[in-house]
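The numbers here are math on the coordinates, done by the rules we state, and not lab data. Being a predicted model, the structure only gives us computed values, none of them experimental. Neighbour counts run over all protein chains shown; Cβ positions are idealised from the backbone, glycine included.
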Amino acid sequence: MADVFRALLRKEWHEQRWRFFLGLIVFSGLVAGMLRAQLVPSNEAAVLLYGPVGLVFVIFLAAGPVAAERADRTWEFLMAQPVSRAEVLRAKWTMGVMQLAVTMLVGAVAGLLAIWSRGFRIMPKVPGSSTEFSAESAAWLVTHPALSLCAFAAVGTIALVCWFTSLFLLLARARNGFAAALGGVLLTIALLLWLPQLGSGNKALLVVAALNPLSPLFLLSSWRAVFLPALLLIHIVLWVVLPLRYVGRRRIEKWIGA
Amino acid sequence: MSNPMNAIQVESLRKNFGRQEILRGVNLDVPAGSIFGFLGLNGAGKTTLIRMLLGLLRPDAGRCVVDGIDSATKALELRRRVGYMAENQTMYGWMRVGQLIEWVSRFYPSWDSTLAETLRQQMRLDAAQKVGALSKGQTSHLALLLALAHRPNIVILDDPTLGLDPIARRDLLRDVISQLQDRGATVFFSSHLLYEIEPICDRIAILHEGQIIKCAPVDELRETVKRIVLKPTEGARVPEIPGLLDFQAQDGQWSLTVEHAEEARRALTPISRGEVLVTGLNLDEIFEAHVIGRREVSRG
């Protein structure tokens, strides 16, 4: 079995490596470039990178693997081998997660190098302030830009893996890459637009926090960061463990189709 | 209960795609060790049935038992034991021939690397060539190699010569015959080109409009299905002929294709002005009579 999975992974690497390298170059370049040029303060840059930019990268990774095989008609050849659909999907998912994680890691290293090259002075002085930083931005996220970047990279990677898993399974039904990419964009936008509509009460906030894949990133930069481990755990169970657990079940097989 | 003498057994198989009925209660027995021709027009449902044999599609009703395994419940075990070549099989173009063979071998515990290498050399496939750069004929040979190298008891070939030129087709069929003839494997050969099946098969089934309309040994078909040509007497009516497959009347001459030739000849002799001519048919003509034969006869 392990031999079969390794063979599937090897094929996935060959097929998806161009996405990986392209994503790696663009993402690392953005992280390093934004931090080096001080376009935005480091914590906002991190939210931007691991939020919207990360989501674009997730769509890029999640849309291709199954849809491209269907469009090339190699999916039929693959399915005719004695491998289950669930096993093929797990191999594709594993490769996607590995590529996502490595890209985030390399992006963080590039960001650290950028911060180091500026002598760890990422946050510009606040005009008119007696201290170097405003009271609000004196939080550890600003005073320790390197540590902040590492924290955002770790939490951002988990958040993106969560959204990647669900999006990957939802888009496995698509018949070609364009339809999958469009579906990925629309689903992501729909989720992000729909969540704020749930209301602003405490209960609604809890639901939004649990459903929004990016909520751990926002939590990281607020006093509620103490709830972060619990929220990450909820996200991992809700977005990764449950969908993958049901991947071999008939309902998901039916959804993905022949 | 499945019969151990049958390599493939299909029972009351039904499949709809939306409102379209593709298979309408198909029953089929393929004896072990036979070379079985599965005929049908394009779109008759041959590929749908084959995909269900391999457990790639779930039937709406009925079941398929292949090599003693129910295809709906143990599809992976079944695919490990069956060799399958799809119509117009598309493989990974970026892989090299040797790389693809090695990759596919990982899925089959019974893979015979020596046999794979022998077949590759016999089929003159260059291990270093990219799969995407192979000709259609070479691609078909490679697909055949992949279907045979794990020494399956049952080989399912779904229109394997589709899209090949006549020479490539003959070349592939020669390889199919030479590889499978002495091995005692059961071959389930689906095709719409009957002349290519005729010399190979010992039994055929015809699928038409979602049902098996004929299943018999090829020799029996050739023996019993005949064309009868006669000039009828003035005002003669066509008698009741059991097994009438096709009737054509032209220039005062009748041409009938019938399943029970001797019986029909006896019924027609009294109304014939001269000799009743009985001629044999090839599989192509038998298939045509079964599938598009005009059975309605104006008896007035």
For q values of 0.10, 0.13, 0.17 Å⁻¹, compute log₁₀ I(q)/I(0) with the Debye formula on a Cα-only model of segment B:101-244, without solvent.
-0.48, -0.70, -1.04
Sort all Cα-Cα distances of chain B into consecutive 10 angstrom bins from zero, then give the percent of pairs in each bin up to the one containing the longest distance.
6, 25, 28, 21, 12, 6, 2, 0
Using alpha carbons only, how many degrees (0 to 90, rounded to 10) separate the axis of helix B:166-180 from the longest principal axis of chain B?
70
Regarding segment B:1-158, what is the average projected area of its C-alpha convex hull, in nm²?
10.0
Linear extension gain, B:Ser255 paired with B:Asn42, 0.36 nm per residue minus alpha-carbon span
74.0 nm
What FRET efficiency comes out for the pair A:Trp13/B:Ser113, r = Cβ-Cβ distance, R0 = 25 Å, nearest 0.05?
0.60
Cα atoms only: what Rg and Dmax, in Å, come out for the protein assembly as shown?
32.7, 124
Give me the extension gain from B:Arg58 to B:Leu76: residue separation times 0.36 nm, minus the current Cα-Cα distance, reported in nm with one decimal.
5.1 nm
Relative contact order of segment B:225-292 (C-alpha contacts under 8 Å, at least 6 apart) in percent is 44
Ranked from highest to lowest mean number of other Cβ atoms within 10 Å per residue, what is the order of the peptides B:212-225, A:49-62?
A:49-62, B:212-225
My understanding is that a pair violates if its Cα-Cα distance is over 32 Å; which of B:Lys130/B:Lys214; B:Lys74/B:Lys130; B:Lys46/B:Lys231; A:Lys11/B:Lys214; B:Lys15/B:Lys226; A:Lys11/B:Lys74 do that in this structure?
B:Lys130/B:Lys214; B:Lys74/B:Lys130; B:Lys46/B:Lys231; A:Lys11/B:Lys214; B:Lys15/B:Lys226
Simple label model, 7 Å out from Cα along Cβ direction - A:Ala37 to A:Phe227, nm:
3.6
Between A:Leu192 and B:Glu102, the two model label points (7 Å from Cα along the beta-carbon direction) sit apart by a distance in nm of 4.3
Determine the gain in length on full extension of the stretch B:Gln121-B:Asn16; use 0.36 nm per residue of separation and subtract their C-alpha separation, reporting nm with one decimal.
33.5 nm
Specify the angular offset, from 0 to 90 degrees and rounded to the nearest 10, of the alpha carbon long axis of helix B:136-148 from the longest principal axis of the alpha carbons in chain B.
80
Translational D in µm²/s for segment B:225-292 (Stokes-Einstein at 10 °C, 1.306 mPa s, Kirkwood Rh from C-alpha pairs)
133
